[in-house]
Amino acid sequence: MRYRATERINHWIVAICFMLVALSGLGFLFPAFNWLMNVFGTPQMARILHPFISVAMFVAFTLMFFRPWHTIW
Ligand code: HEM
């Protein structure tokens, strides 16, 4: 078995958070993609959620990054 259930769940948290911030972020940046912000209900809601989802992604990614630390050092 290569990965524990917690590692797989953590990986999917990172992946789902990234997809959500990429959707909202591209929505903010490009007029052609403005409609993507409506995936979150309203553009205002997308702007509120983007930084919060980003913090969740940062925490989950940091856990994922340091998990194999003992195999390196
Ligand atoms: C394709 C990916 C992304 C794009 C295009 C994007 C784009 C943007 C844009 C345009 C803003 C400014 C919104 C505004 O001024 O109203 C913003 C804000 C922000 N982004 Fe992203 N973003 C992306 C992914 C991420 C990721 C991966 C993270 C961190 C994990 C992140 C963290 C943040 C945070 C914390 C803010 C708020 C900054 C503030 O309030 O001053 N973004 N993003």
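Assorted remarks:
- Some residue of segment 35-51 being out of contact with any Ser or Thr (no Cβ under 9 Å at 6 or more places or on another chain), within 13 Å of the ligand (Cβ to nearest atom) and either of a type in the set (Phe, Trp, Tyr) or part of a loop (DSSP other than H, G, I, E, B) (or both): no
- Residue tally, condition more than 9 Å from the ligand (Cβ to nearest atom) and not small (Gly, Ala, Ser), over segment 52-62: 2
- Every condition in (1) in contact with a helix residue (DSSP H, G or I) (Cβ under 8 Å, 6 or more places away or on another chain); (2) not in a helix (DSSP H, G or I) is met by Asn10 except one, and the failing one is (2).
- Qualifying residue in segment 15-30 (condition: farther than 23 Å from Phe61 by Cβ, modelled with pLDDT of 95 or more, surrounded by 14 or more Cβ atoms within 10 Å (Cβ to Cβ) and not hydroxyl-bearing (Ser, Thr, Tyr)): no
- Cβ pairs under 6 Å, 6+ apart, first in segment 18-35 and over 16 Å from Ser54 (Cα atoms) and without any contact (Cβ under 8 Å) to a residue 24 or more places away in the chain, second near the ligand (Cβ under 6 Å from one of its atoms) and aliphatic (A, V, I, L, M): Phe33/Leu26
- In segment 42-56, the residues that are within 14 Å of Gly25 (Cβ to Cβ) and modelled with pLDDT of 95 or more form Cβ pairs under 7 Å with partners that are aliphatic (A, V, I, L, M) and part of a helix (DSSP H, G or I), at six or more places apart or across chains, as follows: Pro43/Met37; Ala46/Met37; His50/Val21; Ile53/Leu20; Ile53/Val21; Ser54/Val21.
The values are calculated or read from the model by the stated rules, or taken from the named source; none is laboratory data. Quantities reported herein were computed from a predicted structural model and do not represent experimental measurements. Quick reminder, even Gly has a Cβ in these numbers, built from the backbone with ideal geometry, and neighbours come from all protein chains shown.
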